[in-house]
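Okay, so here's the structure we're looking at.
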Amino acid sequence: MSERDPAPHPPPLPHRLADPVPVVLGGTALWFLGFFVVLLVDRSNSTLLWTTLSGGLLGIIGYGVFYWQRRAARRGSRTAQQGLEDA
């Protein structure tokens, strides 16, 4: 290739690989599953109990922010993130 030719761009990811929703929801579900396992197996370990509960709750909050930004992008809000496509 000569210096004038632009570098080729990689093809876009398929939608199923670019969609973060399954990963976010799956990760949140795993945090809650861990919470219930710790609750059943080792209730005395309060650090692990609170860590897994916090992970699940933060996953719900994070998904809420993600959903809120996608809705704003769909309706064309000027302050919304750009480049978010409909799921």
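For segment 1-19, how many residues are loosely packed, with under 12 Cβ neighbours inside 10 Å and within 23 Å of R70 (Cβ to Cβ)?
Taking segment 1-19 first, the residues loosely packed, with under 12 Cβ neighbours inside 10 Å are 1-18.
Right, trim to within 23 Å of R70 (Cβ to Cβ) and you get 12-18.
Residues that pass the stated criteria total 7.
Listed by position, the helices (runs of 4 or more DSSP H) contained in the chain that have at least 2 residues being at pLDDT 85 or above are 21-41, 46-75. The set of residues in segment 30-47 being open to solvent by less than 80 Å² (accessible area, probe 1.4 Å) and without any contact (Cβ under 8 Å) to a residue 24 or more places away in the chain consists of G34, F35, V37, V38, L39, D42, N45, S46.
The values are calculated or read from the model by the stated rules, or taken from the named source; none is laboratory data. The structure displayed is predicted, hence computed values, not measured ones. Using ideal geometry, Cβ is built from the backbone for each residue, glycine included, and neighbour counts are taken over all protein chains shown. These accessible areas exclude ligands, DNA and RNA; they are computed on the full protein's heavy atoms, side chains included. Shrake-Rupley method; radii C 1.70, N 1.55, O 1.52, S 1.80 Å.
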